[in-house]
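Below is one structure, written out as structure tokens; the observations come after it.
Read the figures in this text as sums done on the coordinates, not as results from a lab. Every value quoted in this text rests on a predicted model; they were computed, and no experiment measured them. As a convention, Cβ positions derive from the backbone with ideal geometry for all residues, glycine included, and neighbour counts pool all protein chains shown.
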């Protein structure tokens with residue numbers, strides 16, 4: 001009995017020390033994680049990182065939501081697996097082809113026959129009462145799983161499927177948090193070079209070069225030479241040039257200094273040029289945006305469900321689904337470059353000659369549907385979808401191996417990882 005049915009033992013037949021050890025380890029790990037999060041929160045409060053502290057609280061709430069989903073799956077595992085549907089309905093939209101499913105079924109049957117043979121050999125050395133108990137348990141387990149099969153139907157989602165879904169939820173939570181933290185780190189890393197540009201604005205040389213009493217042609221300024229060209233007034237060429245610019249240097253020095261000057265002129269006193277730290281302001285803005293990015297809105301959850309739905313054999317989702325986030329982020333990058341160029345055109349429309357530093361004027365009308373936050377939501381969607389796809393890949397490899405029907409072709413593996 002000990003060998004054949006150890007996986008089916010109840011707590012009545014399990015040593016109390018084993019149960020206590022498992023509970024102790026789970027509680028200890030939970031307390032350690034909670035203490036680490038608490039220490040991070042205290043450090044953020046000490047450093048006056050209000051936005052990042054709120055982001056941490058949002059991460060905690062998202063993890064709680066994912067934990068609640070996992071709990072619901074545990075509680076409803078029996079009722080869900082007990083729902084029976086017709087075999088014709090259950091045979092639709094599978095991730096594997098029928099040939100692959102037959103191969104998987106054959107392998108499982110061979111494993112079951114091998115296990116049954118091993119069980120019979122082991123039961124020969126056990127007592128009669130133990131054998132009777134083991135047989136009863138096996139029959140009981142078989143009866144619960146064959147409830148739908150007895151009706152000529154299949155289970156809505158099997159118990160094994162729900163267990164695998166548990167693991168996927170855990171992997172998704174880990175990847176989402178890691179992806180957000182990585183994005184935050186890369187953003188800060190990119191902005192480090194802006195510190196040097198910010199220090200340059202405090203020098204006498206910079207103030208002399210950008211003398212407010214100095215008159216220049218708009219097209220002769222550094223900003224004008226970069227953006228005011230023959231292509232900037234062509235509706236198609238402007239998008240083509242801006243598309244390729246995002247790959248070279250998304251925020252060059254001249255754009256940073258011009259945007260800094262325009263922000264100060266719009267929101268602060270002119271004499272604030274040498275005192276205001278625009279780079280620190282952008283850092284704080286990144287933290288505020290990070291607070292939005294770490295959340296998972298209902299619309300994004302719906303998109304994740306659609307991703308699971310489209311991962312069907314014959315739909316070739318690996319050839320188009322991973323490219324949707326890539327296309328969105330390239331459109332966003334191009335749009336931001338177009339916005340900067342159009343701000344430069346507005347300077348020229350006011351007059352060929354500018355006094356001092358060219359002053360850009362941002363406006364909501366430059367964004368899609370006059371909504372600047374739409375760009376942030378799109379970036380948020382891309383981050384979650386990338387994390388979701390990488391989590392799905394890691395989970396499927398863990399559960400089914402690198403060669404499974406979720407990614408049967410090498411191209412699928414390469415596309416998923418590279419796009420993520």
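General observations
- Between residue 208 and residue 160, the contour length at 0.36 nm per residue exceeds the Cα-Cα span by 10.1 nm.
- Per-pair calculated FRET efficiency, R0 = 30 Å: residue 349 and residue 195 via Cβ, rounded to 0.05: 0.35
- Listed by Cβ neighbour count within 10 Å, with the fewest neighbours leading, 10, 201 appear as 10, 201.
- Taken along the Cα-to-beta-carbon direction at a fixed 7 Å, the label points for residue 63 and residue 25 span 2.0 nm.
- Modelled FRET efficiency - R0 45 Å, residue 99 with residue 249, Cβ distances, 0.05 increments: 0.35
- Counting beta carbons within 10 Å around each of 416, 249 and listing the fewest first gives the order 249, 416.
- All Cα pairs of the range 172-419, percent lying beyond 23 Å: 59
- Modelled FRET efficiency - R0 41 Å, residue 34 with residue 309, Cβ distances, 0.05 increments: 0.70
- At q = 0.18, 0.19, 0.20 Å⁻¹ the log10 of I(q)/I(0) for the range 310-420 amounts to -0.90, -0.96, -1.02, computed by Debye summation with a single uniform scatterer per C-alpha, solvent ignored.
- As a rough guide to protection, the peptides 20-33, 289-302, 381-394, 40-53 ranked by mean Cβ packing within 10 Å, highest first, stand as 381-394, 289-302, 40-53, 20-33.
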